[in-house]
1. List the trypsin sites (Lys or Arg not before Pro) in region 33-106 that DSSP assigns to loop (not H, G, I, E or B) and whose Cβ has at most 15 other Cβ atoms within 10 Å. Which are they?
2. So if I average 1/r over every pair of distinct C-alpha atoms in region 89-207 and take the inverse, what Kirkwood radius in Å does that give?
3. Suppose only helical runs count, i.e. DSSP H with n ≥ 4. What mean residue ellipticity at 222 nm does that imply for the chain under -39500 (n - 2.57) per run, divided by all residues and rounded to the nearest 500 deg cm²/dmol?
4. As a quick test, which of the pairs 66/211; 18/40; 18/211; 43/204; 40/211 have an alpha carbon distance above 26 angstrom in this structure?
5. For region 49-110, treating each Cα as an identical point scatterer without solvent, what Debye log10 I(q)/I(0) comes out at q = 0.16 1/Å?
6. For the pair residue 96 and residue 196, what calculated FRET efficiency results from E = 1/(1 + (r/R0)^6), where r is the Cβ-Cβ distance and R0 = 30 Å, to the nearest 0.05?
7. Where in region 123-220 are there GluC sites (Glu not before Pro) that are in a DSSP coil and have at most 13 other Cβ atoms within 10 angstrom of their Cβ?
8. If you place +1 on the Cβ of every Lys and Arg and -1 on the Cβ of every Asp and Glu, how big does the dipole about the Cα centre of region 89-207 come out, in debye to the nearest 20?
Amino acid sequence: MASLGLMFTYPGNPRAMKVQAVAALNGRTLEIAPDFVMGKTNKSAEFLSDFPLGKVPVFKSTKGLKLFESGAISQFVAESGPASGQLLGNTAEERALIRQWIDFADNELFGPITPLILWRYGMGAYNEDQEKSSLERLNISLDALEKHLGGRQYMATNQLSLADLSVAAGLYWGFAQVIDREMSSKYPLTSEWYLRIVENDLVKPVFGEHKPLEVRKSHP
Ligand SMILES: N[C@@H](CCC(=O)N[C@@H](CS)C(=O)NCC(=O)O)C(=O)O
């Protein structure tokens, strides 16, 4: 089947993985811009004239639609195939619940996790106050997920939806750098659910093998 379009991103970007997993579940394909260089391509005049924020992922559809924000790109890709009902919801209630978890992932997971991982990836300075407050925020979010997942297989409906992919993408860097064995043992349902999503047959080739973090890096 013809490609839906071209996505610009760097390798290992969970926001782009979310989009690619949506495509995989929907039986659709999209291309990844082959020569993209983070910090260079996305700051070039040509890129900025299409996408002034200079952030990735961004997407150009084969029909010329230009999209930034991974949530909007995911929605477009989800709408473009036979699993759109599964991914986006079949009723007003399902669509609202799925949207709720998409927003939760952006605000309550990417929000606290980003400052926790930046210095651990060597991309910023350690700040003790920020580390403490971000960990507190992350624990509140994980407590909420753990309570919600009691008796549930999936985040919003009874099948894998964009809610699951968005929350898994939001936790991807967290499980890579922050949520180590000790921390994840406090959140068994969330940890099991995360594996259920990232090890789904269609999702796994996108998210890659999950390698549990033994002990997170402590402050420098
Ligand atoms: N809300 C946006 C966030 C995009 C974003 O922050 N992307 C980062 C990389 S993961 C970026 O491109 N940063 C470059 C910059 O801020 O200059 C989305 O979901 O797409």
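Taken together, the values in this text are just the output of simple stated rules run on the coordinates, not laboratory data. All figures in this text were calculated on a predicted structure; none of them were measured in a lab. Note: ideal-geometry Cβ built from the backbone for every residue, glycine included; neighbour counts use all protein chains shown.
1. In loop regions of region 33-106 (DSSP not H, G, I, E or B), the sparsely surrounded trypsin sites (Lys or Arg not before Pro) are 40, 55, 63.
2. Every distinct Cα pair counted, the radius reaches 14.8 Å.
3. Theoretical 222 nm ellipticity from helices: -15000 deg cm²/dmol.
4. In this structure, 66/211; 43/204; 40/211 lie more than 26 Å apart at Cα.
5. Each listed q maps to, in turn, -0.62.
6. Here the calculated transfer efficiency is 0.85.
7. Within region 123-220, the qualifying GluC sites (Glu not before Pro) (loop, at most 13 other Cβ atoms within 10 Å) are 199, 209, 214.
8. The calculation lands at about 160 debye.
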